1. C:VAL249 versus C:GLU6, label points 7 Å from Cα toward the beta carbon: distance in nm?
2. At 4 °C and a viscosity of 1.567 mPa s, what translational diffusion coefficient does Stokes-Einstein give for segment A:2-74, taking Rh as the Kirkwood radius over Cα pairs? Give it in µm²/s as a whole number.
3. How large is the dipole of segment A:1-118 about the Cα centre if only Lys and Arg carry +1 and Asp and Glu carry -1, each at its Cβ, rounded to the nearest 20 debye?
4. Per residue, what volume in Å³ does the convex hull of the Cα atoms of chain B enclose?
5. Two decimals is fine: what is log10 I(q)/I(0) at q = 0.10, 0.15, 0.18 Å⁻¹ for chain A, from a Debye sum with one equal scatterer on every Cα and no solvent?
6. Based on the Cβ-Cβ distance from C:LEU38 to B:LEU8, what FRET efficiency comes out when R0 is 41 Å, to the nearest 0.05?
7. What percent of all Cα-Cα pairs in segment B:393-455 falls into each 10 Å bin, going from 0 up to the bin containing the maximum distance?
8. Quick test of the membrane-span-like rule: which DSSP H helices of chain C reach at least 20 Å along their long axis (C-alpha atoms) with mean Kyte hydropathy at least 0.0?
Amino acid sequence: MNITVNGDELEVRSPGLTSLLRVLRDELDVVGPKAGCEAGGCGACTVLVDGAPRRSCLTAVAAIDGAEVTTVEGLGAADDLSPVQQAFVHYYAAQCGFCTPGMVVAATHYLDSGGSDDRKEIQEALRGHVCRCTGYVKIIEAVAAARGGNFDLTTTAEGGYTTVMTGDAK
Amino acid sequence: MKAVGARLPRYDGVGHVTGQTTYVDDFRVHGMLWAKALRSPVHHAAITKLDTSRAEAVPGVHAVVTHTDVPQLEYGHLSGLGIPADEPLLAKDEVRYMGQPIALVAAEDLEAATAGVAAIEIEYEERPTLWDVREAFDSDAAVVHRWGNWYPHFEDEMDRRQIRKGDIQKAFEDADHIIQGVYRPAAIEHVPMETQVSMVVPESDGRLTIHSCTQAMYFSLGVISAHLQVPLNKLKIVGGTVGGGFGGKVDTASETITALAAMKAGRPVKWRWTREEEFLASSTRAPWHMEIIDAVTSDGWILGRKMLTLHDSGAYARFSPYGLTKHSFHHTGAYTIPHLHFDGYVVFTNRVPTTAMRGFGVTSVSFAVETHMSRIVDELGLDPYEFRLKNANRIHDTSPNRISYTDPSTVDVLQSIAGATGHDLAPAYAAATREPREGEWLPDHLVDQISTEGH
Amino acid sequence: MAEATEVLTPDSPEAAAAAFGEGGDVTIIGGGTIMVPLVTHGVVQPNKALILADAGLEGVDQSGTTVTIGAMTSVSALSELDAPLGPCAANLGDSEVRDQATVGGNLCAVAPPEHPTGDLQGAFVALGASVRSTGAGGERIEPVADFLADRDNRLVLDVTYEQPQAGAFESLDRPHTHHPTPLAVSGARLADGSIQLAATGAAPTAVRLPSAEAEASDPDAAGTAALGDVRLVDDAVSSAWYRERILPVLVRRVLEQLG
Ligand SMILES: Cc1cc2nc3c(=O)[nH]c(=O)nc-3n(C[C@H](O)[C@H](O)[C@H](O)COP(=O)(O)OP(=O)(O)OC[C@H]3O[C@@H](n4cnc5c(N)ncnc54)[C@H](O)[C@@H]3O)c2cc1C
């Protein structure tokens, strides 16, 4: 079996019923997706399979042979953050960070497929994602603001990151 | 003071959003074994047989650890504070809660470890259980702990946390109303997104590198060192990246047992709990049983409070004596009550041991106190803000344990809530401040409790 | 993990039926939302697994008044259909689970014995749908209620129903867990004018509510009568006590909507 992960075509040797999550983490060393419950209930393992968000813990790898998989690592890097990633940093939407890989993936898909900044709709799109730290408010704020995409992460003189909004979030 | 007032980003935010933050389960080391635990399937039983020889023979299994492998089997989480030990690292001849760890199997993969666990021969003789803290004191209650059903080792071998302040008898004689309530918040599982996990690497120089999701690294260091009888300089804890804790990762839940398996196997070992194990066997916030009886005047002064608290500690003491002590100090909430009679017991049951969660011991009593305040308001037809403002802590009021408050904010908080909710306060209440009591704010019954010393 | 499992990935309905044969030793993976975790945690250790992902069993076909839904159709593909099925599907899980969860898996959802499961079952029972399946003895077409009573060792191919005159769906709010909806009632006024009601969360599989149907003209009486048709259980998401109080309310609301 083969899957393409964040652009790299990789051979998969795990048995066909192995969950995509375990293939990613234990065989391919892609550890962004997290094992929060391994029962589909928390959302931390969510990845894009052929562009659609999917719980990797619910997916037998043999069912997606040949597919394109994108994990949080594939959405942006520290020096090249995506709007959703920037907004999550800016709005403190990641606290302990364990749910963040799934949240960012799901939020990215939501916005890429034309999702609005309406709180109810964002809530519905992220309904399958559990966060125990933030109380969700900051996450929803971040997704709504990322709709505008007006963030910039610049380095301050002290060397740490600071975030600067370059425009009003709509 | 560059940071004050500035909008500083989280130092770890970029790592979180890019998937680069490394949690314990994200570490990979060469030759790592996976561990699986044998946990008690029953709530209370004697272990009448424990034989691991077949498990050791399962292909892929490298080490099976049980109580016989632990240099110091019992070490209390609060031994450092003089609270004696009662909990074995791995169960020996008895299990007291469902999910209690009995053995850990380290193997090439999880399947082999699981097969190893299944091959352990164990037999139990079930014993009666105790679930309701109120029944713990009955003469026919099941006895679930070797110290009896409640913790007997407070200072001077007292079997309760006791507070006596003022003259409770007089308070009740002087009261116009006696108002009672019982409050019973339930246990709460912390449900961190990251389940308990640790990975221990035996280094070639004889040290152990311990990757831990603990909220309390130095604390865990002491616990591990004591159980393993290994000096601190042989232990290196790598931690600080915690996938949610909320108090539930204060207990040293997995590191010590993982270390033991790594030492025995001579290989790195990782032990990650499943979500089911997390729900079943990780500690929870305690359920509490609280009874409050207040002596109140018709014009809304609380003269005295009698309170009984039964703190459900679960099967072992862990931090509960400490949690109950904090609870007792806060049993008047944000209010000043001059005459007090408090008895609190740490009660053992067959639940999973309970622990800290966001304001250990205090959230329960705050809930009870505020609910009771509302009950008094309802029963006497008082104004909810004015009743609270009247009894609110002021500078130089004293707490149940006679700490003199230097800067309590209750008055200001209540006034701003009233403002925010559009509740009109009578002029005297709107003008109240946190300054020391005088005039109408200092009735006779409060004179003696005031103190400028003792902070 | 599961090294020994033989994994079959048929690429047509015929190949799927052939691979399934008489069933027995074959574990079907539809969307996998229930089955994959069971395998991961070692609860189920299949000898042979039949992955239906590429079997071409998905699709909603509406010809005239007949609606046919392939077993591998995702739950999200149903959410725009008329009540009771559309709103019932839209109410299941979350958007990602709905994309992956299938109709066949919902009809065959396994759970601990006394725990109700499979939200779509109620809508299908109310609609008087029939299930086409294959397995020992070949193909079988039968009312969904009969299928639910005897569903072991069957491969579901599709589900068919006649468009009703009217439909309604009412449920308790689903908590954020992977539990099915704690209690839901589906109702349909069928083409012949008769009213059919069914509940999920009121027994281990969906149940028809014949006593309530008999009182359909009086929604309040029907609500009370429904209690005679169910076997309510306590579970993690709701007590039997609570279900007993809510079931009559849901039945009444459904009947009021059916008019
Ligand atoms: C987070 C979460 C939330 C959920 N919420 C809900 C909910 O609200 N309501 C609800 O009803 N369910 C819910 N579920 C359960 C589940 O997702 C659905 O029941 C789903 O429809 C199952 O379909 P599947 O294809 O994924 O099943 P699978 O896991 O593939 O299979 C389930 C069972 O059906 C069998 N099976 C699958 N396809 C066929 C077929 N064509 N023929 C014969 N047997 C077959 C399998 O062998 C297995 O025994 C939830 C699950 C999760 C993880």
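Please treat every number below as a calculation from the coordinates, not as lab data. Note that the structure is predicted; figures quoted are calculated from it, not measured. Counting neighbours? That spans all protein chains shown, and the Cβs are built from the backbone with ideal geometry, glycine included.
1. Output for this residue pair reads 5.3 nm.
2. Here the translational diffusion coefficient equals 111 µm²/s.
3. Details: 6 positive and 16 negative charges, 97 e Å.
It comes to approximately 460 debye.
4. Dividing the Cα hull volume of chain B by its residue count gives 184 Å³.
5. The Cα Debye sum returns log10 ratios of -0.38, -0.81, -1.09.
6. After rounding to 0.05, the efficiency reads 0.35.
7. The distribution over segment B:393-455 is 22, 46, 27, 6, given as percents.
8. Working: long enough: C:240-258 (27 Å, 0.09).
The answer, listed by residue number, is C:240-258.
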